[in-house]
1. Compute the acute angle (0 to 90°) between the alpha-carbon long axis of helix 174-184 and the principal axis of greatest extent of the alpha-carbon atoms of the chain; round to the nearest 10°.
2. Compute log10 of I(q)/I(0) for the chain with the Debye formula, placing one identical point scatterer on every Cα and leaving out solvent, at q = 0.09, 0.13, 0.14 Å⁻¹, to two decimals.
3. Find how many whole Å separate the alpha carbon centroid of the stretch 68-129 from the alpha carbon centroid of the stretch 226-300.
4. If you line up the long axis of helix 142-164 against the longest principal axis of the chain, both from Cα atoms, how many degrees apart are they, to the nearest 10?
5. Running a GNM on the chain with Cα contacts under 10 Å, which residue among Thr99, Thr202, Thr252 ends up with the highest mean-square fluctuation?
6. Largest first and in whole Å, what are the equivalent-ellipsoid semi-axes of the stretch 131-214 based on the Cα gyration tensor, each being the root of 5 times an eigenvalue?
7. Quick one: accessible area per residue over the chain, 1.4 Å probe, rounded to a whole number of Å²?
8. Starting from the residue with the highest accessible area, list Phe126, Phe135, Phe160 in decreasing order, probe 1.4 Å.
Amino acid sequence: MRHIVKTVGAAACAAAILCSAGCTGDTKWSFRTEDHQLSNGQWICYTFDGLNSAIQALSTDEESASVDKIDWDTQQIEGMAAKDWIYAEAKKMSKRYLTLEQLADKYQTEADNGTYQMAKSQYSYFYQNFYKDLFEKLGISEDSYISTSAMPDLLEEAVFAKIYGKGGEKEVSDEDAKKYFKDNYVAYYYVSADLKSTNEETGESNDISADELENTRTNFRKYAVMINDQGKTPEDVTAQYLVDYSVDTAPTTDDATHKDDMTSGSINEAILECEEGKAVTKEINDKIYLIYRYDINKKADDVKAAEDDTSGSTSFIAKEDIVKKMKHDEFEDYLKEQMDALEYDRNDACIHKYDVTRTINIVIDQTKQN
């Protein structure tokens, strides 16, 4: 309970109040704090999300787990019965939502309305076209689905910005953001061309002709010379590619990525092997690439806050994205501390009525009907 009761009479009164909320059939809310509460539909939605996460956890590389084949009482996830794990996940997501609501109040912020409206439109489409029949049986309204799917992440962004953004209590300076960028990021550009062709009618893949292969390799050697010996830029290479291949757009990538996110994939390996400030050609998985790795110290000059960028340059790198990566673990630790300290009430009447087993059974029934 939130408040410690000092007298026997007060304790009896408090117990009666709690029982009236949890014992007489009031199932409209599931969890609540002093200022916010989650509806029954939001709770059910989180049990459904937890069910999906459990199915993924119980799947293997060779075979996907089937909701009607899993023994939810005996099969385990992280040392817990799968059914209990789903409840724990749903409760955690509920507490996260309420914690973020509380933090938004603390920092006097709210979800960006424009972003929310876009998310609302997207999730409304999913609800109406994919989930409506199942969710109506579960008791999840469109509003409940939208709020649980969109609002927590939007609130997290708002709270994060209030802490680490401009004017925040732990504002990250431009200098610190750029230093983090230099120490942890790889900036690169690449453009590619196919070394195989596909028959549109049969879908069969074949090597391109010897003449096409030689012409393509010649082009890509030329692109490397343009950057390495002629002082040209990746933008110049893109422009030349459009001419050489008579296309309106080129298959280019120009990005900056944290090194921790480049641990797999042949193209990532090739980028990491490159010397900064030098372009190379590589043939990888039936494609040829021109790869250029930027000098990270020079590229750091492109790191700017969105509100400070007035150039309209495509080389702009959002400081906000760097700070999110930089402070992610610290913020997650803070959020966990706040979740652990959250004072809340749980409505047993709602939780028991709309329990995990009910969600599982309805999903199984729906699966059999499809």
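The values are calculated or read from the model by the stated rules, or taken from the named source; none is laboratory data. Owing to the predicted nature of the structure, the values given are computational and were not obtained by experimental measurement. Using ideal geometry, Cβ is built from the backbone for each residue, glycine included, and neighbour counts are taken over all protein chains shown. Accessible surface is based on the protein model in full, side chains and every heavy atom, while ligands, DNA and RNA are left aside. Shrake-Rupley method; radii C 1.70, N 1.55, O 1.52, S 1.80 Å.
1. The two axes meet at around 70 degrees.
2. So the normalised log intensities are -0.78, -1.18, -1.23.
3. Computed from Cα coordinates, the inter-centre distance equals 39 Å.
4. 70 degrees
5. Maximum among the listed residues: Thr202.
6. Here the semi-axes work out to 45, 34, 7 Å.
7. Result: 57 Å² per residue.
8. Most to least solvent-accessible, the answer reads Phe126, Phe160, Phe135.
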